[in-house]
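Worksheet: one structure, shown below.
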Amino acid sequence: MKFKLGRVLGVALAVAAFGMGNANAANVVIQEVYYDQPGADGTEVFTELFGSPGMSLDGFSLVGINGSVGEDYGTIDLSGFTIQADGISLIADINTNLTGADLLAASIDWQNGVDAVQLRFFDGNSVIVADAL
Ligand SMILES: [Ca+2]
Ligand SMILES: [Ca+2]
Ligand SMILES: [Ca+2]
C-alpha cells in the first residue's frame, strides 16, 4: 500500500538473517510500516510483510523498540499466521478502516519518532532478528 500523507518507512533491503543459518527467517521481510497517519493514529496504520507464499509465521513476532531508551515497548505474536498467496501479508489495527487486512492486531500502532520495528524469529533456542526498520 502507498500513502501520500503521513509517514511511512519504506522497503527493507537488508535481511540480517542471511548467513545466520536459518532459511525460514531469511524468507520474510518487513516491506512497509505506516505508523503515523494524519490525526490520531489507529484506523489506517499497518505493517506489511513480504515473504514466501504460504510460509508459516510460527515463531515470528513484530517488536516495537523505543529509540529514546532503546527498549522494547510492544510485541505482536505472529504464530499461527501465514504469508498470503501473493507473498504480501497486511497486519492492521483491530479497528482498521483498511480493506484486505490479513491479520488484525491490537498493538500495531508503532510510536511516532526515532524508533524501530524488528521482525524476530525464535527457533526454540535463540532469537534471530530477521529484519528491522
Ligand atoms: Ca503511531
Ligand atoms: Ca498521527
Ligand atoms: Ca519513541
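Pick out the one residue from Pro38, Pro53 that is within 16 Å of ligand 2 (Cβ to nearest atom), free of Cβ contacts under 8 Å to residues at least 40 places away in the same chain, surrounded by fewer than 21 Cβ atoms within 10 Å (Cβ to Cβ) and not β-branched (Val, Ile, Thr).
Result: Pro38 is the single residue among Pro38, Pro53 that is within 16 Å of ligand 2 (Cβ to nearest atom), free of Cβ contacts under 8 Å to residues at least 40 places away in the same chain, surrounded by fewer than 21 Cβ atoms within 10 Å (Cβ to Cβ) and not β-branched (Val, Ile, Thr).
List pairs: first in region 111-126 and farther than 28 Å from Gly39 by Cβ, second within 9 Å of ligand 3 (Cβ to nearest atom), Cβ under 7 Å, 6+ apart or cross-chain?
none
Determine which member of the set Ser89, Ser79 is part of a strand (DSSP E or B) and farther than 16 Å from Leu133 by Cα.
Ser89
The numbers here are math on the coordinates, done by the rules we state, and not lab data. Computed from a prediction, not measured in an experiment: that's the story for all the values here. All Cβ positions, glycine included, derive from the backbone under ideal geometry; neighbour counts span all protein chains shown.
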